[in-house]
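Student: Pasting a structure here, questions to come.
Just so you know, all these numbers are worked out from the coordinates, no wet-lab data involved. Just so it is clear, the model here is predicted, and its values are computed rather than measured. Glycine also receives a Cβ, built like all others from the backbone with ideal geometry; neighbour counts cover every protein chain displayed.
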Amino acid sequence: MGDLESDFNLKVVLVSFKQCLNEKEEVLLDHYLAGWRGLVRFLNSLGAIFSFISKDLVTKVQILERLRSSPQREHYLSLQSMMAYEVGHQLVDLQRRSRHPDSGCRTVLRLHRALRWLQLFLEGLRTSPEDASTAALCTDSYNASLAAYHPWVIRRAVSMAFCTLPTRKAFLEAMNVGSAEQAVEMLGEALPFIEHVYSISQQLYTEHALLDLP
């Protein structure tokens, strides 16, 4: 996971999520994880503000990497095959964390929720005016996604951390694709792919009644 410390480039995330779906619209976990490695690099590039989130995301990515290299790795090629395997073999804790605290289904669900937050935040950066408050954009995105799954003390700490976020221009320049305008253009290309992957994953979790895994 040392590559998570290297520079972020939005184009890498774009390519990963663009390749994430095959012709059957199965979510391919290798490309999904590659996209997440890029997003973690983005969070890390912003300094300690997001460290409390990025550290947890790194842990989740590592869990899935281990599953992808395990003897059962063929069952973890896609989100669909993973769900079929884990649900079919009762490898998911449905009521409370006990025998399978780090199941693939639970782990991807945590990444899935965080992906919604980042998708909303990046879309806000893309469409907002130059003088928009990144603190407000990030807070609104967080409240519409991850906040529902965090206790009050975490929500309070998060809202305080967001107050120290850099400017919109600094965020866009951190994407390492050129000017702020070029970053906005590439976000417009990347976000539909991220949103499509999110929507298919959301549908899968809904169909299997797994959206509220403990």
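Student: Amide H neighbours of residue 78 under 5 Å, at least 5 residues apart or on other chains, H built in the peptide plane: list them.
Tutor: It is 29, by chain and number.
Student: Please report, in Å, the Rg and the Dmax of region 133-187, where both are computed over Cα atoms only.
Tutor: 13.3, 39
Student: Run the helix sum for the chain: -39,500 (n - 2.57) per DSSP H stretch of 4+ residues, divided by residue count, reported at 222 nm to the nearest 500 deg cm²/dmol. If you can, show how the numbers build up before the last one.
Tutor: On the way: 9 runs with 133 residues, N = 214.
The per-residue figure over the chain is -20500 deg cm²/dmol.
Student: Express in nm, to one decimal, how much length is gained between residue 87 and residue 189 on full extension, taking 0.36 nm for each residue of separation and deducting their alpha carbon distance. Could the numbers behind the result be given before it?
Tutor: On the way: separation 102, 0.36 × 102 = 36.72 nm, distance 3.47 nm.
This chain segment gains 33.3 nm when fully extended.
Student: If exposed GluC sites (Glu not before Pro) are those in a DSSP loop with at most 12 other Cβ within 10 Å, what is the longest stretch of the chain that has none?
Tutor: On the way: sites that count: 23, 130.
Here the longest run is 24-129.
Student: Same structure, new question: Given the alpha-carbon gyration tensor of region 57-201, what are the semi-axes of its equivalent ellipsoid in whole angstrom, ordered largest first, with each equal to the square root of 5 times an eigenvalue?
Tutor: Values: eigenvalues 216, 74, 29 Å².
Over the Cα atoms of region 57-201, the semi-axes work out to 33, 19, 12 Å.
Student: Could you name the lysines whose alpha carbon sits less than 26 Å from that of residue 24, not counting residues in the same chain fewer than 8 places away?
Tutor: Answer for residue 24, where 26 Å is the Cα cut-off: 11, 60, listed by chain and number.
Student: Treating only the Cβ of Lys, Arg, Asp and Glu as charged (+1, +1, -1, -1), what charge dipole size does region 78-214 show about its Cα centre? Round to the nearest 20 debye.
Tutor: On the way: 12 positive and 14 negative charges, 142 e Å.
Dipole about the Cα centre, nearest 20: 680 debye.
Student: Another question about this same structure. Stretch residue 102-residue 154 to full length: gain in nm at 0.36 nm per residue minus the Cα-Cα span?
Tutor: Details: separation 52, 0.36 × 52 = 18.72 nm, distance 2.17 nm.
The span from residue 102 to residue 154 would gain 16.6 nm if fully extended.
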